[in-house]
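What follows is one structure encoded as structure tokens, with my remarks underneath.
The values are calculated or read from the model by the stated rules, or taken from the named source; none is laboratory data. Note that the structure is a prediction, hence the values are computed from the model and not measured. For neighbour counting, all protein chains shown are included, and Cβ atoms are generated from backbone atoms with ideal geometry for every residue, glycine included. SASA here: full protein model, heavy atoms, side chains in, ligands and nucleic acids out. Shrake-Rupley method; radii C 1.70, N 1.55, O 1.52, S 1.80 Å.
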Amino acid sequence: MICYEHPLNERIRTLLRLEDLFDKVAFFSAKDEAVEHHSALVTLFEILDVTSRADMKSELLQELERQKQALETLRRSPDISEGVLNEVLGNIQAASHNMLNMTGKIGEHMRENEWLMSIKQRMGIPGGACEFDLPSYHHWLHLAPAVRRNDLEEWLAPLLPLEEGFSIVLHLLRNSGKTCRHTAHRGVYQQMGSGRVAHMLCLKVKESVPCVPEISANKYALNIRFVISGSRQKTRIYEDDVEFELTFCNL
């Protein structure tokens, strides 16, 4: 089944974007080709832009502390494995400790690197990273893959505590909530809300279904349209019934 995650607030939207970017950096950095390491560096610059908010680290630390306190209240529940609970709490404690040890602003080590910032500035121009624009970067791309990979890992390393923190938050979020099966009649599903506020919707549909969900949601109503969308046709509603699984995820 294909899982479609739909964030319902800006904070979760940002964390999902960061997760996607960190996954891409890890993927491209592990490769050997120059064009793949170029993609890794481009993605690192995107992470730098997403994390430019001054309060991101403090917000994430506050969320980890909130989750720690919420989990501590479950210790007396007979349905909770104390070993698993202690492991999760230990991970939260370690992530918080590593984030507190992050010095300066997020990504400051990259912003203080004039060579990197000159490349970032040129990459903001369409086609601006050509060899005649950035000869020193062109030279870097011709270094041995191991040398380039070592540089990428050095630039990424100070950001890893941030990834550790938001990965825990997203893991707890995805494992919350109850999954229910529904049917979108003639490609449309509507559910009136009960006033509850979720942080994210997780919708799963079979891969064989030739459509994708368009989701509109607030605390009062949920509207889902399954649409057929392709590069050679206009978007239109899928007119057959669609069975899907839906989870309201909340921290």
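Overview of results
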read-out: In degrees, nearest ten, helix 10-29 long axis to first principal axis of the chain (Cα); value: 50
read-out: Cα shape, the stretch 57-197, gyration tensor, a/c 1.5 rule; value: oblate
read-out: Accessible area (Å², per residue) of the chain, counting only protein heavy atoms and a probe of 1.4 Å; value: 58
read-out: Local net charge near residue 3, Cβ-Cβ under 10 Å (Lys/Arg +1, Asp/Glu -1); value: 0
read-out: Rounded tilt (10° steps) of 160-174 against the dominant C-alpha axis of the chain; value: 10
read-out: Helix 82-100 vs. the chain, principal-axis angle (Cα, 0 to 90°, nearest 10); value: 40
read-out: Computed magnitude of the charge dipole of the chain (debye, nearest 20; Cβ of K, R +1, Cβ of D, E -1); value: 960
read-out: Dimensionless Rg over Rh [the stretch 166-251; C-alpha; Kirkwood]; value: 1.01
read-out: Charge context of residue 61, other residues only, Cβ under 15 angstrom, K/R +1, D/E -1; value: 0
read-out: The chain, helix-only ellipticity at 222 nm - DSSP H runs n ≥ 4, -39,500 (n - 2.57), divided by all residues, nearest 500; value: -15000 deg cm²/dmol
read-out: Computed magnitude of the charge dipole of the stretch 1-124 (debye, nearest 20; Cβ of K, R +1, Cβ of D, E -1); value: 280
read-out: Mean Cα-pair separation over length for the stretch 1-149, i.e. relative contact order, pairs under 8 Å, 6 or more apart, %; value: 25
read-out: Dipole magnitude of the stretch 113-251, debye to nearest 20 (Cβ charges: Lys/Arg +1, Asp/Glu -1, about Cα centre); value: 680
read-out: Dipole of the chain, positive direction: furthest Cα of 169, 134, 74, with charges on the beta-carbon; value: 74
read-out: Per-residue SASA entry for residue 171, accessible area with 1.4 Å probe, Å² rounded to 10; value: 110
read-out: Cα centroid separation - the stretch 99-149 against the stretch 36-85, whole Å; value: 26
read-out: Most mobile of 11, 111, 75 in a GNM of the chain (Cα contacts under 10 Å); value: 75
read-out: The chain: relative contact order as a whole-number percent, Cα under 8 Å and 6+ apart; value: 26
read-out: Residue among 135, 213, 78 with the largest mean-square fluctuation in a Gaussian network model of the chain, springs linking Cα atoms under 10 Å; value: 78
